[in-house]
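Note sheet for the following structure.
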Amino acid sequence: MREQKVAHILQGFSFLAVWLVAYSPVYGQAKGSSYTSPTQSRVSAKTTLRGCLSGGPNGFHLATASPEGWFVLTGNTEGLEKYVDRELILEGTRGEDITLEGYFQPRPSFVVSRIVKVSETQIPKLDPSFASTASWQTEGNNKYGVKFAHPSSMNVVESAETTAGSNFAAQEGAEVVANLSIPGTAYANANLLGGAFTIYVNRQVTNSGSCMQFGQLWSQEEAALSYTVGNLAYAKAERGSAAAGTWYSDYQFHTFQNGLCYELAFELVEYSAHTADTGCNIPLLSPEDNLKLINPMVASVSYFPPSIQPQRTADSHSVPLVVELTASSQTADGVVNRGQITFSWKARDADYVEFSYTCLDPANAEEGGVSSVVISEDGPNRYCQNIASFKTRSSGPINHSPNSSANIGFGYFNHDDPTSVVVTITPFSHGSAYPASSKSLTVVINPYNPFPRGIPTETRNMTLSYAPSADGTANYQQESALTITWTDERSQDPCVNLYLVQDNPAGGQSYLLQINGKREIGCLRPASRGSYSWTVTSKFFGSGFRVLARTPGGTSGTLGAPFNIVHPTPSSVQ
């Protein structure tokens, strides 16, 4: 989806050339700088090398625009730590290739004799056409009652598809008033690819209290930021996200004027200059730089009575009520439904609704400050409100339309038994919650199954054996010690995980539990050769049990021989 949005932003803009140049191996020349490549001879005359410095006390590297890429710096490197992330011109000679730990091929080296030049740190420069509003074009829309201005280089995009999307507390009813592109030339010397400025109206949000809320806040703040321009009060939300070497900065401003709820949405798209060969001479936009671009456009917007009316009538005296809440399943299972449950609801007299979660076994829902219960609602992880992670790790609230549905994912890690979570949906009106009008459902979350597509049975590089039982047979008593021994011929494997599985009537195996699944145990080291003493579980009894050994990523593994789990004999119990 993000890739389509980027294409939408870039279409027709000349600043695409900036991005192409930045990722080109001849980037240094394209920026107007000269590059002298050290000769390939191992005995070379003095020359210069230009590039971006990285590293620290354990060694320095210089990333260049040459075919050789980056060089290991040796020789007179004292004092270079002051210039990390700066562009340098160094004088010296080509050294011998050096083998570094973690690299399959040796890297070229450069013996530094002296620093010729340290380039000045570049700062982003906003194009004068964006800084001065006197020559901006003015646009008006009588239907929606809004007027705004923009530089002539911002083009109107007729397509209904926009880059950022609206962020109202209730998405239904959002309409596009205007959609304009922001060219990369707004910051021609920086890493800006471009962006979009979109004005929305939502006629179903009919009061200021709900208009000043957002569908999602990305910080742990429970309230939107206040933002005032002249006599206009806005609520502000902002976030940053990354995908495929691209950074997205999103800003949204909400205000309630003349009976309508408006959103001014900005999305700025930046490439990661550090992925370019000599990206340190490309200034990176800061939040302050973004606001220098955005603030004048927000200030240019004014509102007047529209010709259209709200789609629903606001009644501040009505008490909202969730009248229906259903779920596609009462159990979240990684194999049956991939842990996904669709919730559908209907609410009366509500502006929007919000989900919350309560773990019925909070003692096991969190271990070592890490939540064992994972809940994914529209992307961000959510947490049970009765565990510590709710306060330390939660993003802001996620709001939904009063009559809608949502797909929510659940997972339960580091445990062998299911757990339960109470899912509650609470209605809001005029920005206030009505918990007495909420509805709840309880869902069961089965433990995480690392093999949703079936147990892998092939042997790769490994052997596995069990120590004989007390009576020398394949019968192992519950709560007795079973020593599991393995070998792994693949030296790159870091560690081994052990799983208990059982033969099933279909001729395969069913997953039961991870033997080393507790966080305090972790993946077993070394992978090459080792053993682990497992206390046989009392949860299972019968035949056809096996131990499956697998390295992370499945690079090596094997399935052990079958054995039986039996009840303890009277003598062993005594």
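The values are calculated or read from the model by the stated rules, or taken from the named source; none is laboratory data. Note that the structure is a prediction, hence the values are computed from the model and not measured. All Cβ positions, even for glycine, are placed from backbone atoms using ideal geometry, and neighbour counts span all protein chains on display.
Remarks
- Exactly one residue out of PRO526, PRO468, PRO452, PRO494 is touching a Pro at 6+ places or on another chain (Cβ under 7 Å) and not assigned by TED's automatic domain parsing to the domain that holds SER401, and it is PRO494.
- Selected residue [among the charged types (D, E, K, R), touching a residue at least 40 places away in the same chain (Cβ under 8 Å) and surrounded by 14 or more Cβ atoms within 10 Å (Cβ to Cβ)] from GLU139, GLU96, GLU91: GLU91
- Scan the stretch 272-318 for residues that are of a type in the set (Val, Ile, Thr), assigned to a loop (DSSP other than H, G, I, E, B) and at pLDDT below 95 and the total you get is 4.
- Residue match in the stretch 65-74 (condition: closer than 30 Å to THR255 by Cβ and touching a helix residue (DSSP H, G or I) at 6+ places or on another chain (Cβ under 9 Å)): no
- ALA233 vs. criteria more than 19 Å from ALA433 (Cβ to Cβ), over 27 Å from the mean Cα position of the chain (by Cα) and in the same structural domain as ASN142 (by TED's automatic domain parsing): yes
- Filtering PHE410, PHE451 for residues that are part of a loop (DSSP other than H, G, I, E, B), within 33 Å of the chain's Cα centre (by Cα), surrounded by 15 or more Cβ atoms within 10 Å (Cβ to Cβ) and not small (Gly, Ala, Ser) leaves a single hit, PHE451.
Yes/no per residue for (1) assigned by TED's automatic domain parsing to the domain that holds SER429; (2) closer than 16 Å to LEU268 by Cβ; (3) modelled with pLDDT under 95:
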site: LYS147; (1), (2), (3): no, no, no
site: VAL156; (1), (2), (3): no, no, yes
site: PHE168; (1), (2), (3): no, no, no
site: ASN189; (1), (2), (3): no, yes, yes
site: ILE199; (1), (2), (3): no, no, no
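- Of residues in the stretch 85-105 being in a loop (DSSP other than H, G, I, E, B) and either among the charged types (D, E, K, R) or touching a helix residue (DSSP H, G or I) at 6+ places or on another chain (Cβ under 9 Å) (or both), the one nearest to THR47 (Cα to Cα): ARG86
- Residue under evaluation ALA470, criteria (1) part of a strand (DSSP E or B); (2) more than 21 Å from ARG453 (Cβ to Cβ); (3) of a type in the set (A, V, I, L, M, F, W, C), criterion not met: (1)
- Filter result for SER543 (exposed (fewer than 13 other Cβ atoms within 10 Å of the Cβ), in a strand (DSSP E or B) and among the small types (Gly, Ala, Ser)): no
- A residue that is surrounded by fewer than 17 Cβ atoms within 10 Å (Cβ to Cβ), on the phi > 0 side of the Ramachandran plot and touching an Asp or Glu at 6+ places or on another chain (Cβ under 8 Å) cannot be found anywhere in the stretch 553-571.
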